[in-house]
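What follows is a single structure, written as structure tokens, with notes after it.
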Amino acid sequence: MRLYALCDQEMLDSRDISIDTFLRIAKEKNAEIIQYRNKNASLPEIKKQLIYLRNHFDGFLLINDAYELAFFCDGVHLGQNDIITIDSDKHKAITILKRVIGKDKIVGISTHNKEEIIEANELDINYIGLGAYRNTSTKKDIAHILGDSIDNLAQLSVHPVAAIGGVKEDDRFEHITYHVIGSGLLS
């Protein structure tokens, strides 16, 4: 299993867990990637956290949604709705995004079904997040749980796949590259 740690600030705050504690655990568990997600802070506050994370983590650091801050990390992860805020044509959106953040930055997008995976196969991105695998405490609005079908769907992707949503360290998949673990990392 390759670990992709989701550092969700709201979850950390709700559990009174510091970024330092999260980093320590992520390092102990050999996380290769950390994605920082903060839906409630201003861009200057998020920038400050990204700089801190960059200075204390040697792996890949991604920002969730706030592509304006990609300069301070290795890339960005976008949800389906976030892509279309750049442009309603997803091909154009990714082209614009790469022009803004740089072609050398990592770009990942969330996918939830076969249609979105097939669409993502045609995009110039580095990986997909696929899920939700099961219910999760960090997202309340999950429309559909993929369950055991996640591995079969993952094999449709031409990009590496990160399983998202309720994934645990001991889950085993054949066609998944990364386990994205948020609150479960702290269990």
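Readers should treat all values here as calculations from the given coordinates under stated rules, not as data from a laboratory. Keep in mind the model is a prediction, meaning the values are calculated, not measured. No Cβ is skipped: glycine too gets one built from the backbone with ideal geometry, and neighbour counts run over all protein chains shown.
Residue under question is Ala163, and the condition is that it be farther than 27 Å from Ser14 by Cβ, among the small types (Gly, Ala, Ser) and within 16 Å of the chain's Cα centre (by Cα); does it hold? In short, no. Looking across the range 2-18, the residues that are out of contact with any Ser or Thr (no Cβ under 6 Å at 6 or more places or on another chain) and either under 16 Å from Asp65 (Cα atoms) or surrounded by 18 or more Cβ atoms within 10 Å (Cβ to Cβ) (or both) come down to Leu3, Tyr4, Ala5, Leu6, Cys7, Gln9, Glu10, Leu12. Of Leu53, Leu62, all but one fail to be touching a His at 6+ places or on another chain (Cβ under 6 Å), of a type in the set (A, V, I, L, M, F, W, C) and surrounded by 18 or more Cβ atoms within 10 Å (Cβ to Cβ); the exception is Leu62.
Looking only at the range 91-127, count every residue that is more than 17 Å from Gln35 (Cα to Cα), touching a residue at least 40 places away in the same chain (Cβ under 8 Å) and outside any helix (DSSP H, G or I) and tell me the total. Residues flagged as more than 17 Å from Gln35 (Cα to Cα), touching a residue at least 40 places away in the same chain (Cβ under 8 Å) and outside any helix (DSSP H, G or I) within the range 91-127 amount to 1. Among the residues of the range 67-121, just one is among the acidic types (Asp, Glu) and touching an Asp or Glu at 6+ places or on another chain (Cβ under 7 Å), namely Asp82. Based on what the data block shows, is Ser157 hydroxyl-bearing (Ser, Thr, Tyr), in a strand (DSSP E or B) and out of contact with any Pro (no Cβ under 8 Å at 6 or more places or on another chain)? When the stated conditions are applied, Ser157 does not pass them. Within the range 33-50, being touching a residue at least 12 places away in the same chain (Cβ under 8 Å) and surrounded by fewer than 13 Cβ atoms within 10 Å (Cβ to Cβ) holds for Lys39, Asn40, Leu43. Note down all Cβ pairs under 7 Å where the first residue falls in the range 160-187 and is within 13 Å of Tyr133 (Cα to Cα), the second is of a type in the set (S, T, N, Q) and not in a loop (DSSP other than H, G, I, E, B), and they're at least six residues apart or on different chains. Close Cβ pairs (under 7 Å, with a partner that is of a type in the set (S, T, N, Q) and not in a loop (DSSP other than H, G, I, E, B)) amount to Ile164/Ser110.
Only residues that are in a loop (DSSP other than H, G, I, E, B) and crowded, with 18+ Cβ neighbours inside 10 Å: list them for the range 66-90, please. The answer is Ala66, Cys73. Of all the numbered requirements in (1) under 25 Å from Leu12 (Cβ atoms); (2) under 16 Å from the mean Cα position of the chain (by Cα); (3) touching a residue at least 12 places away in the same chain (Cβ under 8 Å), Phe71 misses one, and that requirement is (2).
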